[in-house]
Amino acid sequence: MDIEEERLRESIKNSVMGLFRLKKQKDVFVKGSSRVQYAGAVFDDKESWAFINSFLDGWFGTGKKAELFENMLAEFIGMKHGMVTNSGSSANLLAISALKSKQFESKLNDGDEIIVCANSFPTTVNPLIQNNFKPVFVDCELGTYNPSIESIKEAISSKTKAIFIVHTLGNPNDMVALKEIAEDKKILLIEDACDALGSSFKGKRCGSFGIMSTYSFYPAHHITMGEGGAVLSNSLNMDRILRSLRDWGRACYCKHNEKKSNGACGRRFDFKFKNLPYGYDHKYVYSHIGYNLKPLEFQCAFGIEQFKKLPQFIEQRKRNFDIMQSFFKKYEDLFVLPKSIPDAEPCWFAYPLTIKEGSPFKRLDIIKYLEKNLIQTRLLFSGNVLRQPAYEGINHRVSGNLKNSDIVTERTFFIGIYPTINKERISYMQEVLTKFLEKHAKR
Ligand SMILES: Cc1ncc(COP(=O)(O)O)c(C=O)c1O
């Protein structure tokens with residue numbers, strides 16, 4: 001970069017910093033006109049400048065920034081390999097598709113059963129259907145919103161080949177028990193940790209127990225890349241399968257900075273594939289029926305800066321969760337409050353509540369009231385996914401009953417605890433909630 005370019009970039013950087021100083025000054029919470037969102041991207045000039053600066057470098061495809069982000073994430077979670085994607089849904093699609101790769105030593109087949117919670121996010125279940133696996137749905141427990149270990153044990157049949165476990169809203173499952181079951185029954189364990197960055201079980205990070213784990217960096221999540229996701233794995237073979245599937249299905253596994261003209265394998269022009277001419281460039285040989293699910297390099301530059309703020313985001317989310325939990329303690333006659341199992345250390349995605357049976361108000365009453373008062377609410381994703389129109393007639397099995405997933409569909413909602421929710425916003429939320437709840441609490 002020459003001096004003139006450096007000078008111009010510096011001036012853009014200063015403008016970006018100036019803009020964010022202004023934005024910060026204007027960011028005041030005004031009761032009655034500011035909305036308290038359930039979640040949102042929390043960023044400033046650091047991420048913005050990193051994004052713009054990376055764009056100005058002129059390298060759009062995943063490169064050095066992507067690699068750095070992948071390594072930071074894998075190291076933080078405690079997995080060997082990380083691969084960025086353009087969303088958490090793509091990460092799930094790739095992780096589940098990889099199970100069918102001919103290059104995977106424990107390859108699964110059409111019709112194999114995979115256990116998943118019925119109370120789910122759609123794109124946790126969809127890759128199972130898209131890959132011709134048979135989802136076996138288990139119920140969740142109220143409060144944890146995760147399946148019990150017993151329900152998973154009961155769901156296992158001779159056709160069960162994997163468990164796709166979601167740490168619902170960031171609340172950890174008993175991963176030690178699940179790992180034991182997986183080892184004992186010789187089935188695979190994959191974690192959807194999209195909501196669980198920063199959560200741990202028995203001192204080990206969620207996302208480090210299975211053969212693969214997935215993350216989402218959509219703005220509502222613990223950190224964001226605008227849109228984005230990642231799959232973590234522990235074997236080089238799996239990482240290569242995932243990269244192939246992500247990158248059009250190509251066989252070549254050269255990194256962006258591969259220096260040797262003959263490729264990382266040293267045989268770029270030396271392979272002979274059955275129906276291809278000798279020396280067909282390995283970059284254009286396809287070993288999988290793949291996709292293109294890559295993010296842009298600038299998103300990764302943004303993600304790196306977000307990642308540096310993760311410890312502070314985790315702390316803020318935990319603090320907000322605790323405040324909400326002590327506030328709602330006095331309304332336990334009306335709601336099932338969120339809870340975690342022993343040894344779990346959650347970093348919650350949001351604050352979920354289930355209205356108890358016989359409560360004098362309905363979910364619609366409270367969510368309409370909150371939304372009218374500019375407090376955003378959301379439902380626990382799909383609820384019982386089998387009640388969603390798209391899932392009518394899918395090939396599946398239900399183990400036990402889905403009573404609690406139905407309750408979630410009818411009576412659960414959540415509100416925000418993300419870092420932007422500061423003291424003022426919390427006290428506004430509590431004031432609005434108190435007005436509604438005091439009419440109904442039996443004390
Ligand atoms: C549990 C879970 N899995 C997967 C996803 C999909 O992630 P994305 O929105 O990045 O596609 C989400 C999204 O919120 C989620 O909550």
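No lab work stands behind these numbers, since they all come straight from the coordinates. The model shown is predicted, which means the values in this text are computed figures rather than measured ones. Cβ coordinates were reconstructed from backbone atoms using ideal geometry, including for glycine residues, and neighbour counts include every protein chain displayed.
Could you tally the net charge around GLY228, taking each other residue with its Cβ under 15 Å from the Cβ of GLY228, Lys/Arg +1 and Asp/Glu -1?
-4
How high is the FRET efficiency from ASN422 to ASN71, r the C-beta distance, R0 30 Å, rounded to 0.05? Walk me through the numbers before you get to the answer.
Details: r = 32 Å, r/R0 = 1.08.
Between ASN422 and ASN71 the formula returns 0.40.
Taking Cα pairs under 8 Å and at least six residues apart, what relative contact order does the chain come out at, in percent?
About 23 percent, as a whole number.
Could you estimate the translational diffusion coefficient of the stretch 50-173 from the Stokes-Einstein equation, with Rh from the Kirkwood formula over C-alpha pairs, at 4 °C and 1.567 mPa s, in whole µm²/s?
Stokes-Einstein gives a translational diffusion coefficient of 78 µm²/s.
How would you classify the chain from its alpha-carbon gyration tensor, with a ≥ b ≥ c the square roots of the eigenvalues: rounded for a/c under 1.5, else prolate if a/b is greater than b/c, otherwise oblate?
The shape class here is oblate.
Between GLU315 and LEU374, what is the FRET efficiency for a Förster distance of 30 Å, r being their Cβ-Cβ separation, to the nearest 0.05? Provide the component values of the computation, followed by the final result.
Details: r = 26 Å, r/R0 = 0.87.
With R0 = 30 Å, the Cβ-Cβ based efficiency is 0.70.
Alpha carbon centre of the stretch 8-58 versus the stretch 94-143: separation in Å?
Result: 39 Å between the Cα centres.
Can you list which of the GluC sites (Glu not before Pro) found in the stretch 1-109 are DSSP loop residues with at most 15 other C-beta atoms within 10 Å?
Values: sites: GLU4, GLU5, GLU6, GLU10, GLU47, GLU67, GLU70, GLU75, GLU105; in loops: GLU105.
Sites meeting the loop and neighbour criteria: GLU105.
Taking the simple approach of a point 7 Å from Cα along Cα-to-Cβ for both PHE104 and ILE129, what is their distance in nm?
Taking the two extended label points, one gets 2.0 nm.
Can you pull out the trypsin sites (Lys or Arg not before Pro) in the stretch 106-208 whose DSSP state is coil and whose Cβ has at most 11 other Cβ atoms within 10 Å?
Hits after loop and neighbour filter: LYS186.
How would the stretch 5-86 be classified by its alpha-carbon gyration tensor: rounded, prolate or oblate, with rounded meaning a/c under 1.5 and the a/b versus b/c comparison settling the rest?
Oblate shape, in that a/c is at least 1.5 and b/c is the bigger or equal ratio.
In whole Hz and in residue order, list the ³J(HN,Hα) couplings for the stretch 35-44 that follow from phi through the Karplus curve 6.51 cos²θ - 1.76 cosθ + 1.60, θ = phi - 60°; x for Gly and Pro.
Coupling constants for the stretch 35-44: 8, 9, 6, 6, 5, x, 5, 10, 8, 9 Hz.
Determine the distance separating the Cα centre of the stretch 147-164 from the Cα centre of the stretch 317-379; give it in Å without decimals.
Computed from Cα coordinates, the inter-centre distance equals 29 Å.
Nearest 5 percent is fine: what portion of the DSSP beta bridges confined to the chain is antiparallel?
55 percent
Is there a pair in LYS80/LYS186; LYS161/LYS318; LYS100/LYS294; LYS186/LYS309; LYS26/LYS372 whose C-alpha atoms are over 32 Å apart, and which pairs would that be?
On the way: LYS80/LYS186 22 Å; LYS161/LYS318 35 Å; LYS100/LYS294 20 Å; LYS186/LYS309 39 Å; LYS26/LYS372 24 Å.
Listed pairs above 32 Å: LYS161/LYS318; LYS186/LYS309.
Provide the per-residue ³J(HN,Hα) series for the stretch 238-248, in order, calculated from phi with Karplus coefficients 6.51, -1.76, 1.60 and θ = phi - 60°, each as a whole number of Hz, with x at glycine and proline positions.
5, 4, 5, 4, 4, 5, 4, 4, 5, 9, 6
Where in the stretch 191-221 does the amide nitrogen come within less than 18 Å of the point 7 Å from the Cα of LYS80, taken along Cα to Cβ?
191, 207-214
What list of ³J(HN,Hα) couplings, whole Hz, do you get for the stretch 404-411 from phi and the Karplus terms 6.51, -1.76, 1.60, once you set θ to phi - 60° and write x for glycine and proline?
6, 5, 5, 4, 4, 4, 9, 10
What number do you get for the stretch 292-396 when its Cα radius of gyration is normalised by 2.2 N^0.38 Å, N = residues?
Output field value: 1.44.
What residues qualify as long-range amide H neighbours of VAL36, i.e. H under 5 Å apart, gap of 5 or more or another chain, H built at 1.01 Å from N?
HN-HN under 5 Å from VAL36: ILE375, GLN376.
At 7 Å along Cα-to-Cβ for each site, give me the label-to-label distance between HIS256 and PHE271 in nm.
2.2 nm
Calculate, for SER33 and ASN237, the FRET efficiency according to 1/(1 + (r/R0)^6) with r their C-beta to C-beta distance and R0 51 Å; round to the nearest 0.05.
0.40
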